[in-house]
Amino acid sequence: MADILDGKLIRDQILAELAPRVAALSGAGRRPQLAVVLVGNNAASEVYVRNKIAACEKTGIESRKITPEATLSTEALLALIDSLNRDPAVSGILVQLPLPPQIDASRVLDAIDPDKDVDGFHPLNAGKLLAGAPGLRPCTPSGVMQLLLRYRIPIEGRKAVIVGRSDIVGKPMAILLLAANATVTICHSRTSNVAEECRRADILVAAIGRAEMIGEDHIKPGAVVIDVGMNRVEGRLTGDVEPAAMRRLASAYTPVPGGVGPLTIAMLLSNTVQAAEGSHR
Ligand code: NDP
């Protein structure tokens with residue numbers, strides 16, 4: 001019987017550990033503040049933002065939600081980012097993606113002060129991750145690392161296979177596992193035999209965005225399977241891995257929902273606290 005890696009449990013541990021740090025900062029008149037910019041009204045983004053703000057409130061982090069019209073120009077959004085960069089009360093800035101098509105998203109993300117870049121997407125923070133230097137790390141892969149570490153899943157010397165090579169999940173996940181001394185393979189849409197690569201994995205991370213693409217053919221018996229996928233299928237949230245295959249073959253796995261998702265938010269708050277403390281430097 002496979003163990004379930006409970007993301008909500010680990011999230012609650014992380015948030016409980018953040019609470020005294022938030023209290024110490026607040027006592028010193030430096031209460032952490034997260035500025036969330038939500039452009040337009042994408043229904044899924046509104047839910048994500050609501051969850052992030054609710055988690056801030058629970059942890060004592062102040063949040064500021066800024067909701068410009070969907071017709072906003074790149075220049076106007078850059079001016080908003082500039083004002084948030086200069087505002088000493090703002091510890092972290094999050095621009096909820098996706099942005100409307102008229103906005104140059106990479107110019108906007110590059111304009112965020114790297115010390116307030118709580119999503120960890122700024123090229124400077126990406127470079128620091130690659131170099132193994134301290135910096136703000138992308139939330140989803142660092143949440144997965146917390147899950148593995150806190151469940152004491154051995155990483156060093158194990159073979160890790162990641163399916164997906166996005167800048168947000170797959171690539172930083174690979175770098176973090178490499179830094180933890182795993183032997184890492186990254187698969188993508190041009191990989192010639194994804195199942196064969198996956199079957200070698202002691203730790204398999206699926207970050208694809210294709211509902212239940214990973215099945216029995218991909219999982220080595222006893223592997224640890226991390227399902228990052230969040231796909232809506234007929235209104236139901238579905239991962240990238242078939243749940244029955246994980247239950248049958250894995251030694252441990254993350255469920256969807258209740259696995260990686262809660263950790264992403266926990267790490268966002270962790271990054272906001274680090275940014276307020278300056279402890280990420
Ligand atoms: P992207 O669409 O940016 O990247 C998907 C990756 O999967 C690409 O590298 C792509 O390869 C690869 N891929 C697509 N099809 C195949 C295939 N048939 N075989 C092998 N590889 C394939 O997605 P994200 O990384 O942003 O997100 C991945 C998933 O994780 C999504 O379901 C997303 O919703 C979820 N997610 C969940 C989060 C959470 O908090 N739980 C946070 C962020 C994302 P190529 O590069 O060649 O195109």
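The values are calculated or read from the model by the stated rules, or taken from the named source; none is laboratory data. All of these numbers come straight from a predicted model, not from anything done at the bench. In this analysis, Cβ positions are derived from the backbone assuming ideal geometry, glycine residues included, and neighbour counts consider all displayed protein chains. Just the protein is used for accessible areas: all its heavy atoms, side chains included, with ligands, DNA and RNA removed. Shrake-Rupley method; radii C 1.70, N 1.55, O 1.52, S 1.80 Å.
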Checklist entry - Roughly how many Å is it from the Cα centre of the stretch 117-187 to that of the stretch 216-281, as a whole number? => result 13
Checklist outcome for this item: Straight-line reach check, residue 220, cutoff 27 Å on alpha carbons, 8 or more apart in-chain or any other chain, hits among lysines -> 8, 159, 171
Next on the checklist: Which one, 55, 45, 95, projects farthest toward the positive side of the charge dipole computed for the stretch 29-116 from Cβ point charges (K/R +1, D/E -1)?
Outcome noted: 55
Checklist outcome for this item: The whole-number value in µm²/s of the Stokes-Einstein translational diffusion coefficient for the chain, with Rh from the Kirkwood sum over alpha carbon pairs at 4 °C and 1.567 mPa s, is 67
Checklist entry - Accessible area, 1.4 Å probe, largest first: how do 234, 17 sort? => result 234, 17
Next on the checklist: With an 8 Å Cα cut-off and a minimum separation of 6 or more residues, compute the relative contact order for the stretch 139-261 in percent.
Outcome noted: 21
Next on the checklist: Can you show me the helix-derived [θ] at 222 nm for the chain, built from DSSP H runs with n ≥ 4 at -39,500 (n - 2.57) apiece and divided by the number of residues, rounded to the nearest 500.
Outcome noted: -13000 deg cm²/dmol
Item to check | Relative contact order [Cα under 8 Å, 6+ residues apart], the chain, whole percent | outcome: 23
Checklist entry - Check residue 159: other-chain or 5+ apart residues with amide H under 5 Å from its amide H, H built from backbone geometry? => result 183, 202, 203
Next on the checklist: If you count only protein heavy atoms and use a 1.4 Å probe, how large is the accessible surface of residue 220, to the nearest 10 Å²?
Outcome noted: 70
Checklist outcome for this item: When every protein chain stays in place and a 1.4 Å probe is rolled, 171, 58 sorted by accessible area with the largest first are 58, 171
Checklist entry - Computed FRET efficiency, Cβ-Cβ of residue 200 and residue 66, R0 45 Å: what is it to the nearest 0.05? => result 0.45
Checklist outcome for this item: Descending accessible area (1.4 Å probe), largest on the left, turns 167, 119, 82, 240 into 167, 82, 119, 240
Checklist outcome for this item: Placing +1 on each Lys and Arg Cβ and -1 on each Asp and Glu Cβ in the chain, then taking the dipole about the Cα centre, the residue among 177, 126, 84 whose Cα reaches farthest towards the positive end is 177
Next on the checklist: Quick check: the angle from helix 74-86's long axis to the longest principal axis of the chain, C-alpha only, nearest 10 degrees?
Outcome noted: 80
Item to check | Extension reserve of the residue 54-residue 233 stretch, reckoned as 0.36 nm per residue once the Cα distance is removed | outcome: 61.9 nm
Item to check | Förster radius 41 Å - calculated FRET efficiency between residue 47 and residue 133 (Cβ-Cβ, nearest 0.05) | outcome: 0.75
Item to check | Mean accessible surface per residue for the stretch 155-281, computed with a 1.4 Å probe while every protein chain stays in place, in Å² | outcome: 43
Item to check | Nearest-10 value in Å² for the accessible area of residue 247, using the 1.4 Å probe | outcome: 120
Checklist outcome for this item: With a 1.4 angstrom probe the carbon and sulfur portion of accessible area for the stretch 29-116, in percent, totals 51
Checklist entry - In the full protein assembly as shown, how much of residue 233 is accessible to a 1.4 Å probe, in Å² to the nearest 10? => result 50
Item to check | For the stretch 54-153: relative contact order, % (alpha-carbon pairs under 8 angstrom, 6 or more apart) | outcome: 20
